[in-house]
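J.: Just passing along the structure, written as structure tokens.
The values are calculated or read from the model by the stated rules, or taken from the named source; none is laboratory data. As the structure is a prediction and not an experimental result, all values here were calculated from the model. Every residue, glycine as well, gets a Cβ built from its backbone with ideal geometry; the counts of neighbours run over all protein chains shown. The accessibility values were calculated without ligands, DNA or RNA, using every heavy atom of the protein model including side chains. Shrake-Rupley method; radii C 1.70, N 1.55, O 1.52, S 1.80 Å.
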Amino acid sequence: MAAIPGVRTSWGKSFKEYTDNNILATQLLLEAAQNSAVKKIVYASSSFVYGGMIGPADERQTPHPISPYEVTKLSAEHLCQLYAHNFQVPVISLRYFTVFGPCQRPDMAFHQFIYCILQERPIVIFGDGEQSRDFTFIDDVVVANFSAMQSKHDGNAKADNHFKI
């Protein structure tokens, strides 16, 4: 679950921090897992890897990252698949849609909206206000992670072998 989050801050000088924490750290974890008794790695990816999609996301759709953050998350997903295929590292990737809940980052929309409402300030909405997206409550992430850990599925499964948690 450790990574550097955020689309807007991944551009420019910050990109190295994203590659170090989102790609290289994942690769080091996968290397360490090769010769260990680890039962499974659950990699937390992001729905942002789909890019600027219109309509509902479907994991069979080809990802089209449109920011450096998204590129790092998809790169780490590919590393997980490579280590599963080549070294039988038991790994599964889950693509979460914007996670929200108690103690979330202050740069997240829910936090900012609630803060603005409590301060009687206007809410800032990016874009034209017509966009929509799905969100995932933190409790559901916990359940999904535990379900994925207990699942018989791992990165060695065929790409079209999807399952519901």
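J.: Using a Gaussian network for the chain with springs between C-alpha atoms less than 10 Å apart, which of these wobbles most: Leu29, Leu74, Leu118?
T.: Answer for the Gaussian network model of the chain: Leu118.
J.: Only Cα pairs under 8 Å and at least 6 apart count here; give the relative contact order of segment 13-164 as a rounded whole percent. Please list the in-between numbers first.
T.: Working: 157 pairs, mean separation 41.9, N = 152.
With pairs under 8 Å counted, the relative contact order is 28 percent.
J.: Compute the acute angle (0 to 90°) between the alpha-carbon long axis of helix 68-87 and the principal axis of greatest extent of the alpha-carbon atoms of the chain; round to the nearest 10°.
T.: Helix 68-87 and the main axis of the chain meet at about 20 degrees.
J.: Net charge near Gln27, counting Lys/Arg +1 and Asp/Glu -1 over other residues with Cβ under 13 Å of its Cβ?
T.: Working: positive: none; negative: Asp20, Glu31, Glu77.
Around Gln27, the surrounding residues sum to -3.
J.: Carbon-plus-sulfur fraction of the accessible area of the chain, 1.4 Å probe, in percent? Before the final figure, lay out the partial values.
T.: Details: 6500 of 11030 Å².
So the carbon and sulfur contribution to the accessible surface is 59 percent.
J.: When a/c is below 1.5 the answer is rounded, else prolate if a/b is larger than b/c, else oblate, so apply that to segment 115-156 with a ≥ b ≥ c taken from the square roots of the Cα gyration tensor eigenvalues. Write out the running numbers ahead of the final one.
T.: On the way: a/c = 6.05, a/b = 2.38, b/c = 2.54.
Judged from the Cα gyration tensor, segment 115-156 comes out oblate (a/c at least 1.5, b/c at or above a/b).
J.: Multiplying the sequence separation of Asp58 and Arg133 by 0.36 nm and subtracting their Cα-Cα distance, what value in nm do you get? Before the final figure, lay out the partial values.
T.: Working: separation 75, 0.36 × 75 = 27.00 nm, distance 1.33 nm.
Result for the pair: 25.7 nm of gain on full extension.
J.: Over segment 50-156, average the accessible area per residue using a 1.4 Å probe and give it in Å², no decimals. Before the final figure, lay out the partial values.
T.: Values: 7140 Å² over 107 residues.
Heavy-atom SASA per residue in segment 50-156 reads 67 Å².
J.: On to the next question. Which one, Phe135, Phe126, Phe113, has the greatest fluctuation when you compute a Gaussian network model over the chain with C-alpha springs under 10 angstrom?
T.: Phe126
J.: While we're on this one: Near the amide H of Val99, under 5 Å away, which other amide H atoms are found, from residues 5 or more places off or on another chain, if H is placed in the peptide plane?
T.: When sequence neighbours closer than 5 places are left aside, the close amide H contacts are Thr136.
J.: Right, here's the next one. For the chain, please report how many Lys pairs fall under 15 Å Cα to Cα, leaving out neighbours fewer than 8 apart on the same chain.
T.: Values: Lys16/Lys73; Lys39/Lys152; Lys40/Lys152; Lys152/Lys164.
So the count of such lysine pairs works out to 4.
J.: Antiparallel as a % of all DSSP beta bridges within the chain, to the nearest 5? Intermediate values should be presented prior to the final figure.
T.: Details: 0 of 8 bridges.
Close to 0 percent.
J.: While we're here: Apply the Karplus parameterisation 6.51 cos²θ - 1.76 cosθ + 1.60, with θ equal to phi minus 60°, to every residue of segment 138-149 and state each ³J(HN,Hα) to the nearest whole Hz, in sequence, with x for glycine and proline.
T.: Each residue's phi maps through the Karplus curve to give 3, 4, 5, 5, 4, 4, 4, 4, 5, 5, 5, 4 Hz.
J.: Mind pulling the angle between the C-alpha long axis of helix 25-34 and the longest principal axis of the chain? Nearest 10 degrees, somewhere in 0 to 90.
T.: 20 degrees
J.: Follow-up. In a Gaussian network model over the chain where Cα atoms closer than 10 Å are linked, find which of Ala109, Ala76, Ala144 has the largest mean-square fluctuation.
T.: Highest fluctuation among the options: Ala109.
J.: If you filter segment 34-122 for GluC sites (Glu not before Pro), then keep DSSP loop positions with at most 14 other Cβ within 10 Å, what is left? Please list the in-between numbers first.
T.: Details: sites: Glu59, Glu70, Glu77, Glu120; in loops: Glu59, Glu120.
The qualifying sites are Glu59, Glu120.
J.: Please give the contour-minus-distance gain from Thr9 to Ile66: 0.36 nm per residue of separation, less the Cα-Cα distance, rounded to one decimal in nm. Mind showing how you got there, number by number?
T.: Values: separation 57, 0.36 × 57 = 20.52 nm, distance 1.32 nm.
Between Thr9 and Ile66, full extension yields an extra 19.2 nm.
J.: Right, something else. With everything on Cα atoms, drop me the angle between helix 109-118 and the longest principal axis of the chain, reported from 0 to 90° to the nearest 10.
T.: Value to nearest ten degrees: 30.
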